[in-house]
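Everything below concerns the one structure shown next.
The values are calculated or read from the model by the stated rules, or taken from the named source; none is laboratory data. Because the structure is predicted, anything quoted here is derived from the model rather than measured. FYI the Cβ positions are ideal-geometry reconstructions off the backbone, even for glycines, and counts take in every protein chain you see. All accessible areas refer to the heavy atoms of the entire protein, side chains included, with ligands and DNA or RNA removed. Shrake-Rupley method; radii C 1.70, N 1.55, O 1.52, S 1.80 Å.
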Amino acid sequence: MQDLTRQDFTRFPCPVGITPISSLNGTPQVLMCPPTYFTVEYAINPWMSTDQPCDVELAKRQWEDLYRAITEKAGAEVHLLDPVPGLPDLVFTANAAFVHQNTAVIAHYKYSERQGEEPYAEAWFRNQGFRTITLPEAIYFEGAGDALIWQDRVFAGYRTRTDITSHNLLTTETGLPVLSLELINPKFYHIDVCICPLTNGYFIYYPDAFDDYGKAVIEANIPSEKRIPVTAEEAAQFACNTVNINETVLFNQGSERLADALRTRGFQVLQVNLSEFIKSGGSAKCLTLRVG
Amino acid sequence: MTSAQHFPESATLCLEGHLIDSLTLAKVIDTIQQLGGDYHLNHLSIGSRKNQLSSVILTLFAPDSEKLSKILEAITPYGAKALSVQDAILTAAQKNPPTPILPFSLPSHVRVNGEWIPVQSEGMEFVLAVNPQAKTAQLKTLKEVQPGEHLVEGFQGIQWTTPELQGTPPCKI
C-alpha cells in the first residue's frame, strides 16, 4: 500500500474502469473486517477497560455468527476489509466512512489510537470505485458511527467524537440535509448506539442520550407512530446498535421487549451474542457498514 | 440601559451549519443567556432549502473577561467561532468590483395599485470601503466604489460595536 498520507479535504474521483459497489444489482452490500487482531488494548470509551480483556477466540466465533446471519439469513453480500496488526478497532467498519451513493466521506478519528485506520479505509473505498473525501486535520468525524440516513435526511451526532462542523461537509458533498444532535451521555458516544433508522420509516432510539433540543428535533421529524423508544436497560444492551437489511433486523442478545415490538411491525428479528465486542463499546451495527 | 452598558466585554462570532432545523442557534442563544451573557444578532442568513446551510454573525456580550471565556468555551462545540480577534482583510478595488462582502437583503418587487413592479437594484449591494491613512470606513454601494479603494473582504475584523462606543446600543441593521 502506497502513499497513505491523509490530505486535507482531498476529493479523489472514481477510478476509471471500476464498477462502483453502489451500481451493483439490488443486493444489499455490507463491509465487514474479520476480528483477526481484535482485542481491548486501550480504553477510549466508558465500555472499554484494559483490566477486563475480551476473549478473542470467542469474539471470532461471535463475529462469524454475525457474518453468517447477514449473508445467509438477511441476504446481504459482505465485502471484507483486510485486518491490520496494531489496529484492533478496524473491525468496527461502521466508523470507517459515511457512505451515500458513490461518495464516501472518510472518518477522521478523535483519538490517535484509531487514526491509523483512516488511510486503509480511504484506500479501500477508492479501490472500490467510490469518490472519497477526507477531512481537515482539525475536524473530527467518525463515519456512519455518527451519521445515519433516515428517509431523505441524515441524523448526525456530535460532541463526544465528531465535531459539528463536519456536518456541513456532509451536506455540501452529498446534498443531504443534516440534523445535528448533541450526544450528552458519554456511554452513548456515537449516534449509532442511540438511534437506528429502519425500513419503512421506523426509528429506534434511546431518548435519554439526547438533551431536550435533540429530543425535540427527533419528535419534529419522526412521526410518533414510527418512533420506537428503548429503555435504559435495552440501550445498555446495545439495542439501538442494530443492523437493518430490508425487513430483517439483527442485534445483540437480550432486549426481548424490543424484539417483540419489531416483530409486530413486520420485521424478522435475528439476535447474536456479541458480548466480547460490547467490552469494546460496539455491537452488531458497529461491526458493519452498508456500502450499497 | 443596553447590553453594552451592562457588559463591557464582547466578541463577534460566526456560526454556519444546520442552525434552524437542528435547533443549534436556539441552543447557542440559550447557553449565552444561561451563563449570564447577552447577544446581538448582526447577520442571519437562513438556507432556503433543507440542504442549504444557514449562517449567523452575532456579538456576544459578557460582564467580564472570565465570563466571556466561559461562554465562548461552552458554545464552541456548537460551531461558534470568534471573528474579531484579527485585523480585517483589505483588498484593492478593481475596475470590476468583487462580489459584495456585506450583502443586504433588498426588496425585489413593490406592489402598487394591485401590480407588482420590479425594483431596480442593480449595483445596490453594499461593500465596506476603508481609508487606512485617514482611519475612516464607509459603507458604499458597488456603483460608488472607485478603483484602488480598499474594500473589506469577508467578516474578519468587523465588529458591530467598538470598544470606544461601549454604552451605546449595538447598531441595528
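Quick look at the numbers
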item: Filter pass, B:Leu60 being more than 10 Å from every other protein chain (Cβ to nearest Cβ) and in contact (Cβ under 8 Å) with a residue 40 or more places away in the chain; result: yes
item: Options A:Leu198, A:Leu183, A:Leu179, A:Leu148: the member that is in contact with a His (Cβ under 9 Å, 6 or more places away or on another chain), aliphatic (A, V, I, L, M) and in contact (Cβ under 8 Å) with a residue 40 or more places away in the chain; result: A:Leu179
item: A:Gly214, sole failed condition from (1) crowded, with 23+ Cβ neighbours inside 10 Å; (2) closer than 21 Å to A:Ile106 by Cα; result: (2)
item: Segments classed as helices (runs of 4 or more DSSP H), wholly inside segment A:155-245, with at least 2 members that are among the charged types (D, E, K, R); result: A:212-221, A:232-236
item: Single unsatisfied condition, A:Ile278 versus (1) under 23 Å from A:Leu81 (Cβ atoms); (2) touching a residue at least 60 places away in the same chain (Cβ under 8 Å); (3) open to solvent by less than 10 Å² (accessible area, probe 1.4 Å); result: (3)
item: Subset tally (residues that are closer than 13 Å to A:Lys73 by Cβ and under 19 Å from the mean Cα position of the chain (by Cα)) for segment A:245-268; result: 6
item: Filter result (within 13 Å of chain A (Cβ to nearest Cβ), out of contact with any helix residue (DSSP H, G or I) (no Cβ under 6 Å at 6 or more places or on another chain) and either in contact (Cβ under 8 Å) with a residue 40 or more places away in the chain or of a type in the set (S, T, N, Q) (or both)) within segment B:41-57; result: B:Ser48, B:Gln52, B:Ser54, B:Ser55
item: Filter result (over 28 Å from A:Val154 (Cβ atoms) and open to solvent by less than 20 Å² (accessible area, probe 1.4 Å)) within segment A:85-105; result: A:Pro88
item: Residues (open to solvent by less than 60 Å² (accessible area, probe 1.4 Å), assigned to a loop (DSSP other than H, G, I, E, B), of a type outside the set (Gly, Ala, Ser) and at pLDDT 75 or above) located in segment B:129-159; result: B:Pro132, B:Val145, B:Glu149
item: Any chance A:Gly116 is at positive phi and at pLDDT 95 or above; result: no
item: Residue, farthest from B:Leu23 (Cα to Cα), within segment A:130-184, restricted to residues that are of a type in the set (Ser, Thr, Tyr), open to solvent by less than 10 Å² (accessible area, probe 1.4 Å) and within 9 Å of chain B (Cβ to nearest Cβ); result: A:Thr171
item: Residue match in segment A:106-122 (condition: crowded, with 21+ Cβ neighbours inside 10 Å, small (Gly, Ala, Ser) and part of a helix (DSSP H, G or I)); result: yes
